[in-house]
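Computed from the coordinates by the stated procedures, all read-outs in this text should not be read as laboratory data. Keep in mind that this is a model prediction, so the values were computed, not measured. Reconstructed Cβ throughout: ideal geometry from the backbone, glycine too, with neighbour counts over all protein chains shown.
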């Protein structure tokens, strides 16, 4: 990941330092970042757990939505599409779909049709309960993540996350201390 020199001033030195470190976690063969990077000097420090890497990659993309300058060789829409589609094929928690919706809203990206179909199936089966079919249609018809409809998507995401049973969410660190 390289920033053009003309863009370096747009991010803080700390952000540029973090971006430089993030490039070490990039898994080019998978088009995503590894969420595990071992610092013990091994030859291949990245450990890939696909379901976690995909979630981490969506989280990284969400973070990039806040940057003043995204590295020129990071194609956020391509990375998003490649990874968000993996959510339907990997064992992920429902909140991973919430992360995908939030990321799409922040980066103004479209949710791929296979993910929309999966979300619609979840809604139809009432596994999440309490979500209206109107909100499902907003996602299905692409009224999500484009222009002013990003706020619709973000509202849908909020309702989606609130409807997830607490037992499926990870415990916050402070709850275990």
Response to the item:
For the range 1-85, shape from the Cα gyration tensor axes a ≥ b ≥ c, cut at a/c of 1.5 then a/b versus b/c, turns out oblate
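Please sort 31-37, 21-27 by packing, taking for each peptide the average over its residues of neighbouring beta carbons within 10 angstrom, highest first.
Values: 31-37: 18.4, 21-27: 15.0.
My ranking of the peptides, most packed first, is 31-37, 21-27.
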